[in-house]
Amino acid sequence: MMEAIIITGATGSMGAVAARKLSAQGIPVILACRDLVRGKALMDEILGQTPSARLELLELDLSSQARVRAFVAQIGDRRLGGIFNNAGTMNRHYTQSEDGFELTMAVNYLNVALLTRLLAPNFVPGAHVVNMVSMTTKTATLDMDWNSYGKERFGQISTYGKSKLAMLYFSIAFARRYPEFHVNVSDPGIVDSKIIRLDRWFDPLTDMFFRPLINTPEKGAIPALRALESDSSLNYFVGKRSYRIPDRFLNSPMVDSLWDQASFLLSLNQE
Ligand SMILES: NC(=O)c1ccc[n+]([C@@H]2O[C@H](COP(=O)([O-])OP(=O)(O)OC[C@H]3O[C@@H](n4cnc5c(N)ncnc54)[C@H](OP(=O)(O)O)[C@@H]3O)[C@@H](O)[C@H]2O)c1
C-alpha cells in the first residue's frame, strides 16, 4: 500500500498544482487546508479530473501551535509517505500569532518545524519531506535574537526572508536527525500567486508589467514535485536543476542553535 503525502496550503496556487499532479500519479494525498470550504472545492475538482484520486481533507491552521497539534492528533498513528510543507504567508504588517510570535515567522517556520517534528514518527523510511524556501534566503540575515524582534525590526520582505532562511536551517537539522528520510528544499522562483501581492498602491502596475513575466504556478511547482521524487537529502531544487545546499548553510552554527531554540520555544524534546 502506498502511504499518503500531506500537502499544506493545498488550496494555494502551487499547493493545488501539486495535489492535482500527485493525484494523477495515483499517490494518496492529504489536503491540509485552513479553509475547508475551498479545500472541498479543490477535492471535488480533482475527483472530477481523476475519479480514482485518493484524497482526504483535513483542517490545518499554521498560525497556532494548538491547531497544529490538533491536526497531528487527527493523523493519529497512521503511516505517511511524507509532507510537502508548501503553506506560507508574507504579512504586510507586524502581527502576532496566537502564541505570541511574529506571524510570518510562526506560519512559515516555527509551526512548520512543530508540525514536521511531531509527524516524524509517522513517516515511513524513505519518506519525502519537501520544504518551500525562496530566493530571499540568499540575501536574508537571521540571528538568534529573531524572537525578540518587535514591530520596529519588522519588514514585510525582510521578515519573510528570515522565515525562509530559518526553514532552510531547519531542513538541514531535520535531515541530519532523520537520515532515513529524503529531506530537501524547493525554491519556485517568482510565481504568479496571491502571496506576492504586496498590498501597496503599485500592485496594479506590477501586475500589468511583471506578472506576465513570472512563473505560472504549474512551472513554480516543478522543483517541489521533483524534490518529492528525490532519493537523497540536503538538495536545493530550483527550476529544473538541483544542487547540494551550499556549505555556508550546511556548516552554519545556526543549524543546531535554531533547532535547540525551537525545541525550547515549542516545548519539544531536543531529539
Ligand atoms: N509566489 C512566489 O513567488 C513564491 C516564491 C518563493 C517561495 N514561495 C513559497 O511557496 C509557497 C506557496 O506559495 P504560493 O505562491 O503558492 O502562494 P499562495 O497561492 O498564496 O499559497 C499559500 C498557501 O498557504 C496557505 N496559508 C497561508 N497562511 C496559512 C496558515 N496560517 N495556515 C495554513 N495555511 C496557510 C494559504 O491558505 P489559503 O488558501 O487559505 O489562503 C495558501 O493555500 C509558500 O511557502 C511561499 O512562501 C512563493
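What the table below lists for this structure:
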| quantity | calculated |
| --- | --- |
| Förster radius 35 Å - calculated FRET efficiency between residue 45 and residue 93 (Cβ-Cβ, nearest 0.05) | 0.60 |
| Karplus-derived HN-Hα couplings along the range 130-139 (A = 6.51, B = -1.76, C = 1.60, θ = phi - 60°), whole Hz, x at Gly and Pro | 10, 10, 6, 10, 7, 4, 5, 4, 5, 10 |
| Relative contact order (%) - criterion: Cα under 8 Å, at least six apart; region: the chain | 17 percent |
| 5 Å-binned pair-distance histogram of the range 1-125 (Cα, whole percent) | 2, 12, 22, 23, 20, 13, 6, 3, 1, 0 |
| Charge dipole magnitude, Cβ of K and R +1, D and E -1 - the range 4-265, Cα centre, debye nearest 20 | 420 debye |
| At least 24 Å along the helix axis (C-alpha) and Kyte average at least -1.0, DSSP helices within the chain | 156-177 |
| Dipole axis of the chain (+1 Lys, Arg; -1 Asp, Glu on Cβ), positive-most option in 90, 188, 132 | 188 |
| The range 30-92 and the range 230-249: distance between their alpha carbon centers, rounded to Å | 26 Å |
| Derived scalar couplings ³J(HN,Hα) [the range 80-85; Karplus, 6.51 cos²θ - 1.76 cosθ + 1.60; whole Hz; x for Gly, Pro] | 10, x, x, 8, 10, 7 |
| Stokes-Einstein diffusion coefficient of the chain, Kirkwood radius over Cα pairs, 20 °C, 1.002 mPa s, in µm²/s | 115 µm²/s |
| Qualifying aspartates and glutamates (Cα of each under 20 Å from Cα of residue 240; at least 8 residues distant if same chain) | 187, 192, 218, 229, 231 |
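Every number here is computed from the coordinates shown, using simple stated rules; none is lab data. This is a predicted model, so every value here is computed, not measured. Cβ atoms come from the backbone with ideal geometry, glycine included; neighbour counts cover every protein chain shown.
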